[in-house]
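Contents: one structure, followed by commentary.
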Amino acid sequence: TANDMRVSVELISQVQAYCNDGHVPAERSGFGVGDEIGSVETIVRMMNFSAAAYGKKGLVFLGALPAAALVDDSMAITNLTGVLRHEVIRAEWSGSMFRPGYFLCVDRESRAVVLSLRGTMRVQ
């Protein structure tokens with residue numbers, strides 16, 4: 001709907017402002033968007049969980065983190081989200097057709113169990 005498009009554009013605008021400046025200007029925080037989805041900080045945090053699902057190789061390839069910052073795939077989760085190794089319940093870093101890589105962890109900051117599924121890294 002038109003309202004869904006408006007909300008999506010506003011959220012993208014807020015996330016970009018937050019990533020560039022570290023805060024959302026008051027003139028961009030209206031429209032009740034935060035009430036519908038959650039805070040921009042939460043959205044950016046969950047985007048980091050999504051990125052972490054690509055693991056060490058994916059993040060280095062995408063330029064998200066330097067190779068020196070990552071010892072292994074689990075370190076990608078810690079660097080991007082703050083979730084510690086022992087809070088990762090299960091992780092499968094290799095993916096195949098219809099079986100994407102993923103990790104399942106406990107996020108104490110948001111008091112949630114997070115399942116992060118990786119998208120594809122290759123053209124099929």
Residues located in the range 89-104, provided they are more than 15 Å from residue 54 (Cα to Cα) and assigned to a strand (DSSP E or B): 89
Residue selected from the range 59-107 under the condition open to solvent by less than 30 Å² (accessible area, probe 1.4 Å) and among the polar types (S, T, N, Q), by the criterion nearest to residue 45 (Cα to Cα): 81
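Just give me the residues in the range 108-124 being open to solvent by 80 Å² or more (accessible area, probe 1.4 Å), over 13 Å from residue 52 (Cβ atoms) and not in a loop (DSSP other than H, G, I, E, B), in sequence order.
Kept after step one, since they are open to solvent by 80 Å² or more (accessible area, probe 1.4 Å), are these residues of the range 108-124: 108-109, 111, 113, 115, 117, 120-124.
With the extra rule that they be over 13 Å from residue 52 (Cβ atoms), the set shrinks to 108-109, 111, 113, 120-124.
Matches in the range 108-124: 113 only.
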Identity of the residue in the range 50-88, outside any helix (DSSP H, G or I) and not aliphatic (A, V, I, L, M), that ends up nearest to residue 120 (Cα to Cα): 54
Identity of the residue in the range 86-117, in contact with an Asp or Glu (Cβ under 9 Å, 6 or more places away or on another chain) and of a type in the set (Lys, Arg), that ends up farthest from residue 62 (Cα to Cα): 108
Residue list for the range 68-85, restricted to those being in contact with a strand residue (DSSP E or B) (Cβ under 7 Å, 6 or more places away or on another chain), in contact (Cβ under 8 Å) with a residue 24 or more places away in the chain and under 13 Å from residue 57 (Cα atoms): 77
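The values are calculated or read from the model by the stated rules, or taken from the named source; none is laboratory data. Please read all numbers here as calculations on a predicted model, not as lab measurements. When we count neighbours, we look across all protein chains shown, and the Cβ atoms used for this are built from the backbone with ideal geometry, even at glycine. With ligands, DNA and RNA removed, areas are computed over all heavy atoms of the protein, side chains included. Shrake-Rupley method; radii C 1.70, N 1.55, O 1.52, S 1.80 Å.
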